[in-house]
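Peer 1: Structure below; questions to follow.
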Amino acid sequence: MDYGLIGKKLGHSFSAPIHEELGGYRYQLRELPDETALAEFLRKREFKAINVTIPYKQAVMPACAYLDPAAKAIGAVNTIVNRNGVLSGYNTDYAGARRAMRRGGVELAGRVVLILGTGGTRRTFSAIARDEGAREILVAGRSGGDGVLTYGEAARRADVQVVLNASPAGMWPHNGECLVDLSVWPALESVFDAVYNPLETRLLWQAKQRGLPAVNGLAMLVGQAKYASEHFTGRSIPDEEIDRVHRTLLGRLANLVLVGMPGCGKTRIGRLAAQALGRDFVDMDAEIEKAAGMSIPDIFSREGEQGFRDRETRVAEILGARTGLVIATGGGAVLRGENVRALRQNGVIVYMQRSLDQLAVGGNRPLSSSREALEKMLAARAPLYEAAAHRVVFNTGGPPSLARRDVLAAFRQALDAGVL
């Protein structure tokens, strides 16, 4: 390959579309299962330039005849350029992460900073925290020792003000994994997570529940790719391209998730929105029926509401981990917090309101068999819809094109506001 990324597992990576957007060259992913494969790859030198990710950012350093000052100081290389068989190593993670932290409101100067994880990214974050003037830099790992705290020991440091996750915890396909409970740090001000797939990890979700700045690693990824691409090609790229590509990529990746009462128009408007965006449309209730091999009324009849809700949660976890979808949820999807967390991890949630007299009664909806049942259901669920949603749209029952327009506008406004 000419340009690409090497690492052990790359199924989570968004690097190819970023580099292709920034540099206009083909960018390939090459998984290397161990250091023997890494050594053979580097020996052959069959590439022009590459990025390096977990777990090889330190292992590639001895192969580099030249190391730039940042790579030397940090002790990690994420960019290698092959110039006539001579390898030069650089660290562009530093510049990408520092810019993303600053723009995301993660203030390090004078703060007690806790870094989660002990791999190569930890070295980058430590250098940034030091150069930004952090008051104290703590590092936590699973085993501790050698100046590294265990996560239990870190939890007892009530003065922690900033958490930087340098570990792969919570990264696809281990969505939902989280190393710490943020509630133990009353002085916490902000959180930065190097993970970008999913867009909202459980760690970031905790921070957002407290109203804190919570920044994922996507802007860092785009930033480091911009600086790496300059090394690849020798061409200067304006910093504004980082923001443009970040917005473009986020718009492609983020799911549009519709919640609301049965009969509010989620499926119909969702299909229209998906057509307008050029995306796949998924109806959660249809997915539940497909997986169960029976209709929703039959699931309720055989397994009760609890059985149906369990199936609904499994589907929410599967769909929420995907990207670039329009998803119409069932009316009760918000009844479980784990469903909302699953759908928000890659999604903008839009609550479609509709007046009670316009909601359909009966049909394939076991819990909305009468007007009285719908009225009671709306009173109970409306606060849950509002709490789950990033934006609210009212479906008047007029031309569907108007509701589609409002939903798409709400989706874009939420993305522009930085909800993911």
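The values are calculated or read from the model by the stated rules, or taken from the named source; none is laboratory data. This structure is a prediction, so every number in the text was calculated from the model and none was measured. When we count neighbours, we look across all protein chains shown, and the Cβ atoms used for this are built from the backbone with ideal geometry, even at glycine. The area values use the complete protein model at the heavy-atom level, side chains included, leaving out ligands, DNA and RNA. Shrake-Rupley method; radii C 1.70, N 1.55, O 1.52, S 1.80 Å.
Peer 1: Among the residues in the range 375-389, are any assigned to a loop (DSSP other than H, G, I, E, B) and at pLDDT 95 or above?
Peer 2: Within the range 375-389, one or more residues are assigned to a loop (DSSP other than H, G, I, E, B) and at pLDDT 95 or above.
Peer 1: Next question. Could you list, in sequence order, the residues of the range 6-20 that are open to solvent by less than 10 Å² (accessible area, probe 1.4 Å), more than 14 Å from Val81 (Cβ to Cβ) and either aliphatic (A, V, I, L, M) or assigned to a loop (DSSP other than H, G, I, E, B) (or both)?
Peer 2: Leu10, Ile18
Peer 1: When the range 388-420 is examined, which residues are found to be exposed (fewer than 13 other Cβ atoms within 10 Å of the Cβ), of a type outside the set (Asp, Glu) and under 20 Å from the mean Cα position of the chain (by Cα)?
Peer 2: Matches in the range 388-420: Ala417 only.
Peer 1: State which residue pairs qualify: first residue over 15 Å from Leu199 (Cβ atoms) and inside the range 154-174, second residue aromatic (Phe, Trp, Tyr) and open to solvent by less than 60 Å² (accessible area, probe 1.4 Å) in any location, beta carbons under 7 Å apart, and separation of 6 or more residues or different chains.
Peer 2: Sorted first by the residue in the range 154-174, then by its partner, the pairs are Ala158/Trp185; Val160/Trp185; Leu164/Phe125; Leu164/Phe192; Ala166/Phe125.
Peer 1: Which residues, counting only those in the range 65-98, are open to solvent by 50 Å² or more (accessible area, probe 1.4 Å) and either under 21 Å from Leu221 (Cα atoms) or in contact (Cβ under 8 Å) with a residue 12 or more places away in the chain (or both)?
Peer 2: Result: Ala65, Tyr66, Pro69, Lys72, Ala73, Val86, Arg98.
Peer 1: With the requirement that a residue be buried (at least 20 other Cβ atoms within 10 Å of the Cβ) and part of a strand (DSSP E or B), what does the range 313-361 give you?
Peer 2: Correct list: Leu325, Val326, Ile327, Ala328, Gly347, Val348, Ile349, Val350, Tyr351, Met352.
Peer 1: Out of Ile115, Ile137, report the one residue that is closer than 16 Å to Val162 by Cβ and touching a Phe, Trp or Tyr at 6+ places or on another chain (Cβ under 8 Å).
Peer 2: Of the residues listed, the single one that is closer than 16 Å to Val162 by Cβ and touching a Phe, Trp or Tyr at 6+ places or on another chain (Cβ under 8 Å) is Ile115.
Peer 1: When residues of the range 192-215 are filtered for being touching a strand residue (DSSP E or B) at 6+ places or on another chain (Cβ under 9 Å), within 13 Å of Ala100 (Cα to Cα) and open to solvent by 10 Å² or more (accessible area, probe 1.4 Å), how many remain?
Peer 2: 4
Peer 1: Among the residues of the range 39-64, count how many are of a type in the set (Lys, Arg), over 23 Å from the mean Cα position of the chain (by Cα) and assigned to a loop (DSSP other than H, G, I, E, B).
Peer 2: 2
Peer 1: Could you list, ordered by first residue, the pairs with Cβ atoms under 9 Å in which the first is in the range 180-196 and without any contact (Cβ under 8 Å) to a residue 12 or more places away in the chain and the second is surrounded by fewer than 21 Cβ atoms within 10 Å (Cβ to Cβ), at least 6 apart or interchain?
Peer 2: Hits for this filter: zero, empty list.
Peer 1: Quick one: is Val52 under 22 Å from Phe14 (Cβ atoms) and either β-branched (Val, Ile, Thr) or surrounded by fewer than 20 Cβ atoms within 10 Å (Cβ to Cβ) (or both)?
Peer 2: Yes; evaluated as a whole, the condition is true for this residue.
Peer 1: Also, quick follow-up: Among the residues of the range 172-184, is there at least one that is small (Gly, Ala, Ser) and at pLDDT below 95?
Peer 2: Looking for residues that are small (Gly, Ala, Ser) and at pLDDT below 95, one finds at least one in the range 172-184, hence yes.
Per-residue answers, yes or no, for (1) in contact with a Lys or Arg (Cβ under 6 Å, 6 or more places away or on another chain); (2) open to solvent by less than 10 Å² (accessible area, probe 1.4 Å):
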residue: Ala129; (1), (2): no, yes
residue: Ala134; (1), (2): yes, no
residue: Gly144; (1), (2): no, no
residue: Leu149; (1), (2): no, no
residue: Gly152; (1), (2): no, no
residue: Glu177; (1), (2): no, no
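Peer 1: Going by the conditions given, is Glu35 open to solvent by 70 Å² or more (accessible area, probe 1.4 Å) and within 16 Å of Ser229 (Cβ to Cβ)?
Peer 2: Criteria not met by Glu35.
Peer 1: So which of Ile115, Ile128, Ile137 ends up being of a type in the set (Val, Ile, Thr), modelled with pLDDT of 95 or more and part of a helix (DSSP H, G or I)?
Peer 2: Ile128
Peer 1: Separate question: Quick check: anything in the range 200-209 more than 27 Å from Leu22 (Cα to Cα), hydrophobic (A, V, I, L, M, F, W, C), at pLDDT 95 or above and part of a loop (DSSP other than H, G, I, E, B)?
Peer 2: There is no residue in the range 200-209 that is more than 27 Å from Leu22 (Cα to Cα), hydrophobic (A, V, I, L, M, F, W, C), at pLDDT 95 or above and part of a loop (DSSP other than H, G, I, E, B).
Peer 1: Something else about it: Pairs, please: C-beta under 6 Å, at least 6 apart or cross-chain, first residue free of Cβ contacts under 8 Å to residues at least 24 places away in the same chain and in the range 398-420, second open to solvent by less than 80 Å² (accessible area, probe 1.4 Å) and among the charged types (D, E, K, R)?
Peer 2: Partner pairs satisfying both residue conditions: none exist.
Peer 1: Kindly evaluate Thr150 against the criterion of being within 24 Å of the chain's Cα centre (by Cα) and among the hydroxyl-bearing types (Ser, Thr, Tyr).
Peer 2: So Thr150 does not fit the description; no.
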